[in-house]
Amino acid sequence: MTDTSEERRRAMLRTAMGPVIAQALADPAVIEVMVNPDGSLWIDRLGEGRGSADVRIHPSETERIIRLVASHVRAEVHADNPIVGAELPSGERFEGLLPPIATGPCFAIRKPASRIHLLADYLRDGLILKAQVDVLAQAVRDRKNILIVGGTSSG
């Protein structure tokens, strides 16, 4: 696909999502944009956490966005296949749900990480102890399995 057609696809999806969502996605501090089944729009910002945008998106508009993204990735989304996951042309991850799996159409758009955090960053910020860094580094050298558990966006 040419750069021009790729840019048009990006612009079409941003326009279809409306100005509030497009503006949020353009903000470098925003890491996730979510529309709940009740239509409430939530925005997750670095250093601030998740908060209401005080905006409601009509269910038909939310469903239209979900169907547009599905069409964009040549996927079907309907009551028998109510989940669509996709990577948007600009790199964000999209997950959309339709009834009956959710009480109303909803979706989340997660932007790619703006930076990779190293163990040294966690140590410098006091989020991990030197002894813990040493144990993790040795586990990596020994090619051990490591399980990291935490909520989405918890770091």
- Note on the structure: Length gained if Val20 through Val149 is fully extended, taking 0.36 nm per residue and subtracting the Cα-Cα distance, is 43.2 nm
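Relative to the Cα centre, what is the charge dipole magnitude of the chain, using +1 at the beta carbon of each Lys and Arg, -1 at the beta carbon of each Asp and Glu, and rounding to the nearest 20 debye?
Values: 19 positive and 20 negative charges, 72 e Å.
Taking the Cα centre of the chain as origin, the dipole is about 340 debye.
Mean residue ellipticity at 222 nm from the helices of the chain, using -39,500 (n - 2.57) per DSSP H segment of n ≥ 4 over the full residue count, to the nearest 500 deg cm²/dmol? Don't jump to the answer; show the numbers that get you there.
Details: 5 runs with 55 residues, N = 155.
Calculated from helices alone, the mean residue ellipticity at 222 nm is -10500 deg cm²/dmol.
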- Message: Which residue, Cys106, Thr4, Gly51, has the largest displacement toward the positive end of the dipole of the chain when charges sit on each Cβ (Lys, Arg +1; Asp, Glu -1)?
- Response: Thr4
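Below 12 angstrom from the Cβ of Gly18, what's the summed charge of the other residues (Lys, Arg +1; Asp, Glu -1)? Write down the numbers at each step before the final one.
On the way: positive: Arg14, Arg56, Arg64; negative: Glu61.
Charge balance near Gly18 sits at +2.
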- Message: Less than 15 Å from a label point 7 Å out along the Cα-to-Cβ axis of Ile101: which backbone N atoms in the range 42-64 qualify, by residue?
- Response: 63
- Query: What range in the chain is the longest one free of GluC sites (Glu not before Pro) that are in a loop by DSSP and have at most 16 other Cβ atoms within 10 angstrom?
  - Reply: 77-155
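How large is the dipole of the range 31-122 about the Cα centre if only Lys and Arg carry +1 and Asp and Glu carry -1, each at its Cβ, rounded to the nearest 20 debye?
Details: 10 positive and 13 negative charges, 35 e Å.
Approximately 160 debye in magnitude.
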- Under a GNM of the chain (C-alpha, springs under 10 Å), which listed residue has the highest mean-square fluctuation: Leu68, Leu25, Leu46? Leu46
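Under 12 Å from the Cβ of Leu123, count the other residues' Cβ atoms, weight Lys and Arg +1, Asp and Glu -1, and hand me the total. Display every interim value, and only then the final one.
Values: positive: Arg124, Lys130; negative: Asp121, Asp125, Asp134.
Net charge in that neighbourhood comes out at -1.
We did not get these values from a lab; they are worked out from the coordinates using the rules stated. Keep in mind that this is a model prediction, so the values were computed, not measured. Note that each Cβ is placed from the backbone with ideal geometry, even for glycine, and that neighbours are counted across all protein chains shown.
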